[in-house]
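The values are calculated or read from the model by the stated rules, or taken from the named source; none is laboratory data. Source: prediction; values computed, not measured. Ideal geometry is used to build each Cβ from the backbone, glycine not excepted, and the neighbour counts take in all protein chains shown. Accessible surface is based on the protein model in full, side chains and every heavy atom, while ligands, DNA and RNA are left aside. Shrake-Rupley method; radii C 1.70, N 1.55, O 1.52, S 1.80 Å.
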Amino acid sequence: MAKKDDKLNYKQLSAELKAGGPERLYILHGEEDYLLESFVRELTAACLPEGADDFSFRELSGEQLTMQLLADSVNSLPFATERTLTLVRGWDVNRLRDADVKALERIVSDIPDFATLAVICRGAQEPDGRLKPVKLLRKYGRDVNFTEQDAGALVNWIRRRFRALGKDADPAAAEALIYASGSLMNSLVPEIEKIAAGTASERVTAADVEALAFRIPETRAFDMTDAISARDFDTAARLLGDLFDMGEEPLKVLGAVGYNMRRLYAARLAAEYRAGDEYIKRVTGVKYDFVLKKLKASASRYSLAGLRRAVELCAETDYAIKSSYAGDTELLGELLARFAVECA
């Protein structure tokens, strides 16, 4: 029976691989590239403990893949190893032709005991579970979605990365880094290295992170709406300018501001009707408690009517940008001014 992992527990996944050995078929996907590639390395070591060679290991490109080539690779006998491993990358299973879907089912329904096939789908090739070829892969194999890690696991990982560089990072510093630079590990690795190199003390604090970490556009947009809630419109204007200097498109900036205003409105509405934190997380998409705390604090500085008006102003500005010849940056600057006057 196929197993589908909705929320990834990487530690458990790794332990199951070590205890039970490789399965015959995997479909590996998700936005957390760092963990996906870590698992591919673990899977390779489990299938081929003595190392890979041309007889037992094949990495196929989806662009040139045919069903015959896939069948030949999966059914090839191992040589000097107990198992074989076939990795398929860059294959858009969502666009498979009907004839190939039938051939795929013949292959994946009868993978030999000595073989493992891993189909790696990334980015635009993320599998669509409504389509027949994806259903086939999930029926006969293990579907692993490499999702963002929860706060505890991610904070512990960040602190271990700092320790490997000779630094002791506070939990608050790890949380500040997630807030500033996002939660995807591949993006965090260079930030950790930069902060470790730029911090003279052996102890890394949240202040060090604030000073040195790159702040992604989504974070800058939240900082901007937070500054607006504190009536610090000079800071809000500077942050808006920073986003433009980064080359962000005005509509994308407006989308991020509107998204944050809607989240703030939802949090303020929840406070008004005494809904709990889990409700706020569900309706706003906030994953981490420390981000929720920031959101609630920022929302509390607005009136409910002021946030409702802020959401309306974002929608009005979106319409104005899309339907007029006025300068996009000027309209966003005007939006900040209207926030100051109409959302107090």
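What the table shows:
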read-out: Residue match in the stretch 174-197 (condition: over 24 Å from Asp289 (Cα atoms), open to solvent by less than 70 Å² (accessible area, probe 1.4 Å), of a type in the set (A, V, I, L, M) and in contact (Cβ under 8 Å) with a residue 12 or more places away in the chain); value: yes
read-out: So Glu312, is it at pLDDT 90 or above and either at positive phi or open to solvent by 70 Å² or more (accessible area, probe 1.4 Å) (or both); value: yes
read-out: Test: residue in the stretch 140-151 that is within 30 Å of Trp91 (Cα to Cα), modelled with pLDDT of 95 or more and over 21 Å from the mean Cα position of the chain (by Cα); value: yes
read-out: Test set (1) in a helix (DSSP H, G or I); (2) without any contact (Cβ under 8 Å) to a residue 40 or more places away in the chain - Thr219 fails condition number; value: (2)
read-out: Lone qualifier among Leu60, Leu35 - being touching a residue at least 40 places away in the same chain (Cβ under 8 Å) and open to solvent by less than 50 Å² (accessible area, probe 1.4 Å); value: Leu35
read-out: Tally, over the stretch 296-315, of residues that are out of contact with any Ser or Thr (no Cβ under 7 Å at 6 or more places or on another chain) and farther than 20 Å from Leu243 by Cβ; value: 12
read-out: Matching strands (runs of 3 or more DSSP E) fully within the stretch 1-120 where at least 1 residues are among the hydrophobic types (A, V, I, L, M, F, W, C); value: 25-29, 57-61, 84-89
read-out: Scan of the stretch 235-280 for residues that are open to solvent by 40 Å² or more (accessible area, probe 1.4 Å), farther than 20 Å from Ala340 by Cα and part of a helix (DSSP H, G or I), ordered by number; value: Phe244, Asp245, Leu251, Lys252, Leu269, Ala271, Glu272, Asp277, Glu278, Tyr279
read-out: Test: residue in the stretch 182-197 that is among the aliphatic types (A, V, I, L, M), at pLDDT below 95 and part of a helix (DSSP H, G or I); value: no
read-out: Failed condition for Ala15, given (1) open to solvent by 40 Å² or more (accessible area, probe 1.4 Å); (2) hydrophobic (A, V, I, L, M, F, W, C); (3) more than 16 Å from Arg142 (Cβ to Cβ); value: (3)
